[in-house]
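Bear in mind these aren't lab numbers, they're just calculated from the coordinates by the rules spelled out. This is a predicted model, so every value here is computed, not measured. Here the Cβ positions follow ideal geometry from the backbone for every residue, glycine too, while neighbour counts run over all protein chains shown.
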Amino acid sequence: MATTARLGLKVRYFSTTVVKPVSKLVTPPIQVYGVEGRYATALYSAASKQKKLDQVEQELNKIVSLMKDPKFFGVVNNPHIKRNIKQKTVSDVLSKQKISPMMLNFVNLLAENGRLRQTSDVASAFGKIMSAHRGEVLCSVTTAQPLDEVNLSELKSALNGFLKKNETLKLETRTDPSILGGMIVSIGDKYADMSTKTKIQKLSKLINEAV
């Protein structure tokens, strides 16, 4: 518990001391949970104060891509390498990539707390915050077969009906043959399973209960 409390203080300290004088935490448009959410929130607060949200998002995604390099990832992911060595290795690589001082400080914080392996999770959480910041509404649609242009256009038109003014749709489509037909839709906090598989399961349950 004490370790968690110290971690929270360090992350909050980062978010409130990047810009001086010390100011309050900038609350993100949505709340993201877990350790990665805490770091992403602190980063959003710091970047907001410096008006560098877009730059930070681009740099964070660039850092995640760099960490996919086998040699680089090998250092980051090796539990036998000391934190200070990892920190120096990462700092050297990022400095050559001309990453901003704020992002270097942030990555150093991750390294110091042994969280470098969670950088991609932090980036994902930060991406969710940024989507909400831009007024994007994430929507995931799963179908048994890929949608053709006509059906995709009709789907987008229907989904846009759920949006409020100044919101934009950010659609992600997936295919899963196991659902047999129909679709599964998740938009914002709404979820609808209209798959053939689920309909068959419900029908089978009704039949079994009637026997």
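Could you go through the range 185-190 in sequence order and give the Karplus-derived ³J(HN,Hα) for each residue, using 6.51 cos²θ - 1.76 cosθ + 1.60 with θ = phi - 60°, rounded to whole Hz, and x for Gly and Pro?
10, 10, 9, x, 9, 9
Using the alpha-carbon atoms, what tilt in degrees (0 to 90, nearest 10) does helix 101-112 show relative to the longest principal axis of the chain?
80
Enumerate the calculated ³J(HN,Hα) couplings along the range 70-78 in order (Karplus 6.51 cos²θ - 1.76 cosθ + 1.60, θ = phi - 60°), each rounded to whole Hz, writing x wherever the residue is Gly or Pro.
x, 5, 5, 5, x, 6, 4, 8, 7
On a straight-distance basis, which lysines could pair with Lys82 in a cross-link, Cα separation under 17 angstrom, same-chain partners fewer than 8 positions away excluded?
Lys71
Quick one: if you stick a label point 7 Å off each Cα along the C-beta vector at Thr27 and Ala158, how many nm between them?
Those two pseudo-labels are separated by 3.6 nm.
Could you check the spin-label model distance between Phe72 and Gln55? Points 7 Å from the Cα along Cα→Cβ, value in nm.
2.0
How far, in degrees from 0 to 90, does helix 149-160 lean away from the longest principal axis of the Cα atoms of the chain, to the nearest 10?
The angle comes out at about 70 degrees.
Once you have the Cα-Cα distance between Thr198 and Lys88, take 0.36 nm times their residue separation minus that, and quote the gain in nm to one decimal.
Taking Thr198 through Lys88 to full extension adds about 34.4 nm, to one decimal.
Excluding residues fewer than 8 places away in the same chain, name every one of the aspartates and glutamates whose C-alpha is closer than 14 Å to that of Lys86.
Qualifying aspartates and glutamates at Cα under 14 Å: Glu112.
For Cα Rg over 2.2 N^0.38 Å, pick the label among [x] 1.30; [y] 1.36; [z] 1.22 that corresponds to the value derived from the coordinates.
Computed from these coordinates, Cα Rg over 2.2 N^0.38 Å corresponds to label [x].
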